[in-house]
Amino acid sequence: MRDRTSLFLAAILVCGAPAAAQAASFFVDPAHYALYNCEQLNTARKAVAQRVAELQGLMAKAETGFAGSLMSGLAYQSEFVTARGQLEQIDENRQKLNCGPVPIEKPATPTHPDRRKSHPKR
């Protein structure tokens, strides 16, 4: 089984992104999110989408170095493909349950304490 997985990952590296997109379902259990309700799917989608974005950043950073494309693929490609497959599975289940549009998270704004209160008047 390990040899097949290694061979499959090598094929993904050679074939590029289109093969990776098609192979995403290979790494994901189709029943994993079957019993989730909309709220659980939204929570899972948020976490998986954050991981996909993090992996994209790591892959982009790795590609800037020596043999970057190869190193990026070896280090992150399988996890990236798995996360993308999870995201697709979540979206399919959200659609089956008619969960509506994906909730958009507002970025957290840092709160700065009022500087006038922290410093005594001079």
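Couplings 3J(HN,Hα) of region 58-71, computed from phi: 5, 5, 5, 5, 5, 6, 7, x, 4, 6, x, 4, 5, 5 Hz, in residue order, whole Hz [Karplus 6.51 cos²θ - 1.76 cosθ + 1.60, θ = phi - 60°; x for Gly and Pro]. In order along region 40-47, the Karplus-derived 3J(HN,Hα) couplings, from 6.51 cos²θ - 1.76 cosθ + 1.60 at θ = phi - 60°, round to 5, 5, 5, 5, 5, 5, 4, 5 Hz, and Gly and Pro are given as x.
In order along region 89-99, phi translates into HN-Hα couplings of 5, 4, 4, 4, 5, 5, 5, 4, 8, 6, 6 Hz, rounded to whole numbers, per the Karplus curve 6.51 cos²θ - 1.76 cosθ + 1.60 with θ = phi - 60° and x for Gly and Pro.
Laboratory data are not the source of any read-out in this text; all were calculated from the coordinates shown. What you see is a predicted model; the values in this text were computed from it and never measured.
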